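For reference, the structure discussed in these notes is given below.
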Amino acid sequence: MGDARDTAARILFEVRRHGGWPDQLLRTRLSALPPREAALCARLTYGVLQNKTLLDFYITSFSHLPLGRIQPQILDILRLGIFQLKFLDRIPPHAALNQSVEMARAVLPRAAGFVNATLRAALRAEVWPEPRGATPEETLSIRYSQPVWQIREVLVRIGAEATEALLAMNNDIPPLWVRANTLKTTAEDLRNTLSRQGVEAEPHPFLKDYLRISPGGDIARLPAFAQGLFLVADPAAQLAVMAAAPQPGENVVDGCAAPGGKSFLAALAMQH
């Protein structure tokens, strides 16, 4: 126990028992994992929660048991396994299958064979089954794991094609951007510092002080963050500050300051 998959399973167990979101659990658990394992754990946890309806559709397609008869922890493990097989190309399929079986054996030994059979059925499938519902909104609800009522409201306003594009975009993983604190460092020096701390970073295509970093646990625990070398900030916030063009010595009021990213960026522009 203790790698990314085991940790993700434990977080999913807790989220299911107590409700809410896994952010606090992830912040607590990821610090004990190496950066790559932490990144995988976060991807697995959020991926399963984000795609739960679709994953349950696949499990129903490949399992001989209905969802209601699958022990809840085993269902979480199956969701993790199916998510890896469907969405994560870098994980060898049999590695995902074998560890899922071992996790099931640790939770409920008699369920290991069931998990093995279900995931092997998914591996044997030449194509993944296509989600279908009685109505277009029910099909989209399965495909994108979004509530039917919400999809229905959007459909009547923007139509089917735009609705599906919006749902797909909503399920994309947003990049994580950080802005170098140019009062203390440069983007290039920050990139090198992050690399030494186990975090890969790539420069923004046109904003010189921005880096896109690979997720790897709680970035607030990085020494570079504690030293104030960067802040997490969306590039769109930087564009807003560039448009305002605050200058040193001016007084600036941020009329929409929550959580305060533009305020910090304005302060940097004013060399505070």
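The values are calculated or read from the model by the stated rules, or taken from the named source; none is laboratory data. These figures come from a predicted structure and were not determined experimentally. Backbone-built Cβ (ideal geometry, glycine too); neighbour counts: all protein chains shown. For the accessible areas, the whole protein counts, side chains as well, though only heavy atoms, and no ligand, DNA or RNA atoms are used. Shrake-Rupley method; radii C 1.70, N 1.55, O 1.52, S 1.80 Å.
Annotations
Listed here are the residues, each with its yes/no results for (1) touching a Leu at 6+ places or on another chain (Cβ under 8 Å); (2) in a helix (DSSP H, G or I).
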| residue | (1), (2) |
| --- | --- |
| Thr193 | yes, yes |
| Val199 | yes, no |
| Glu202 | yes, no |
| Leu211 | yes, no |
| Phe225 | no, yes |
| Gln247 | no, no |
| Asn251 | no, no |
| Cys256 | no, no |
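- Taken as a whole, the condition of being open to solvent by 30 Å² or more (accessible area, probe 1.4 Å) and either free of Cβ contacts under 8 Å to residues at least 24 places away in the same chain or more than 27 Å from the chain's Cα centre (by Cα) (or both) applies to Ala269.
- For segment 130-157, taking the residues that are within 24 Å of the chain's Cα centre (by Cα) and touching a residue at least 24 places away in the same chain (Cβ under 8 Å), the one that is most open to solvent (accessible area, probe 1.4 Å) is identified as Arg143.
- Restricting segment 12-50 to residues that are of a type in the set (Gly, Ala, Ser) and not in a helix (DSSP H, G or I), the residue that is most open to solvent (accessible area, probe 1.4 Å) is Ala32.
- Candidates Pro235, Pro205, Pro246, filtered to the one that is open to solvent by 90 Å² or more (accessible area, probe 1.4 Å) and of a type outside the set (A, V, I, L, M, F, W, C): Pro205
- Just so you know, in segment 20-40 the residues that are touching a residue at least 60 places away in the same chain (Cβ under 8 Å) and out of contact with any Asp or Glu (no Cβ under 7 Å at 6 or more places or on another chain) include one that is farthest from Gly198 (Cα to Cα), and it is Leu26.
- Some residue of segment 81-88 being free of Cβ contacts under 8 Å to residues at least 60 places away in the same chain, in a helix (DSSP H, G or I), of a type in the set (Lys, Arg) and on the phi < 0 side of the Ramachandran plot: yes
- Top-ranked residue of segment 181-202 - restricted to ones that are more than 23 Å from Asp3 (Cβ to Cβ) and among the β-branched types (Val, Ile, Thr), ranked as surrounded by the fewest Cβ atoms within 10 Å (Cβ to Cβ): Thr186
- Qualifying residue in segment 211-232 (condition: open to solvent by 60 Å² or more (accessible area, probe 1.4 Å), among the small types (Gly, Ala, Ser) and farther than 30 Å from Glu137 by Cβ): yes
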